[in-house]
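The values are calculated or read from the model by the stated rules, or taken from the named source; none is laboratory data. Since we're looking at a predicted model, the values are computed, not measured. Cβ: placed from backbone, ideal geometry, glycine included. Neighbour counts: every protein chain shown. Areas reflect the complete protein model, heavy atoms only, side chains present, ligands, DNA and RNA absent. Shrake-Rupley method; radii C 1.70, N 1.55, O 1.52, S 1.80 Å.
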Amino acid sequence: MYGTVILPNKTTNYCQFDTEKLIPIINKKESALPEIEKNLKSSNDEKEILENLYILDRMLDNGVKGIEKLYPTLSKYNNTNSPNIQTFLAGIYRKTKIPDAFGPLFAMLIRNSIKESNNEYFDANEEIGGAILDYLA
């Protein structure tokens, strides 16, 4: 892990990251992608996964190319029950419009709609639904 991750709680409905420690990684651009992919392939720690997804999301905002090639690794998390991971995945899929991610986004939305939410701080379906709408636009 690169820094501290604070999960959503009763006062903050979003994840907080130690951005000062992450900026150097984000600034490495494409050269950081192999390290991020390695971390995502091997991690089972939600905070570490979220941190790497956050880095990818910021890289997308900064125009980094090649993130869509990480889909085989990202797809490992398509069946997660973590609303935090679902939210970041949906955001990344929304920005990359990876064709193979369209079905998993629908599956997430359907699974979440059937089961009772396990997150009292925000609804991951908002980001998932928004990503699906962007695919259809």
Review point. Which pairs have Cβ atoms under 7 Å, sit 6 or more apart or on different chains, and link a residue in the range 29-48 that is farther than 13 Å from L70 by Cα to one that is open to solvent by less than 70 Å² (accessible area, probe 1.4 Å)?
Key: K29/M59; K29/V64; S43/I49; E46/S82; E46/N84; E46/I85; K47/V5; E48/N39
Review point. Just wondering, is there one or more residues in the range 93-112 that are modelled with pLDDT under 95 and closer than 21 Å to F17 by Cα?
Key: no
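Yes/no per residue for (1) open to solvent by 80 Å² or more (accessible area, probe 1.4 Å); (2) of a type in the set (D, E):
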| residue | (1), (2) |
| --- | --- |
| V5 | no, no |
| K10 | yes, no |
| E20 | yes, yes |
| I23 | no, no |
| E46 | no, yes |
Check your understanding: Yes or no: N118 at pLDDT below 95 and not in a helix (DSSP H, G or I)?
Key -> yes
Exercise for review: For the range 14-21, state whether one or more residues are modelled with pLDDT of 95 or more, part of a helix (DSSP H, G or I) and within 14 Å of the chain's Cα centre (by Cα).
Suggested key: no
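Rundown of residues vs (1) under 27 Å from N9 (Cα atoms); (2) open to solvent by 30 Å² or more (accessible area, probe 1.4 Å); (3) among the polar types (S, T, N, Q), yes/no style:
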position: P34; (1), (2), (3): no, yes, no
position: K38; (1), (2), (3): no, yes, no
position: M59; (1), (2), (3): yes, no, no
position: S82; (1), (2), (3): yes, no, yes
position: Q86; (1), (2), (3): yes, no, yes
position: K97; (1), (2), (3): no, yes, no
position: N112; (1), (2), (3): yes, no, yes
position: G130; (1), (2), (3): yes, no, no
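So which residues in the range 52-103 are assigned to a loop (DSSP other than H, G, I, E, B), without any contact (Cβ under 8 Å) to a residue 12 or more places away in the chain and either more than 16 Å from A131 (Cβ to Cβ) or among the aliphatic types (A, V, I, L, M) (or both)?
Matches in the range 52-103: G63 only.
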Exercise for review: Could you please let me know if I67 is of a type outside the set (D, E, K, R), under 11 Å from the mean Cα position of the chain (by Cα), open to solvent by less than 40 Å² (accessible area, probe 1.4 Å) and within 15 Å of L33 (Cβ to Cβ)?
Suggested key: no
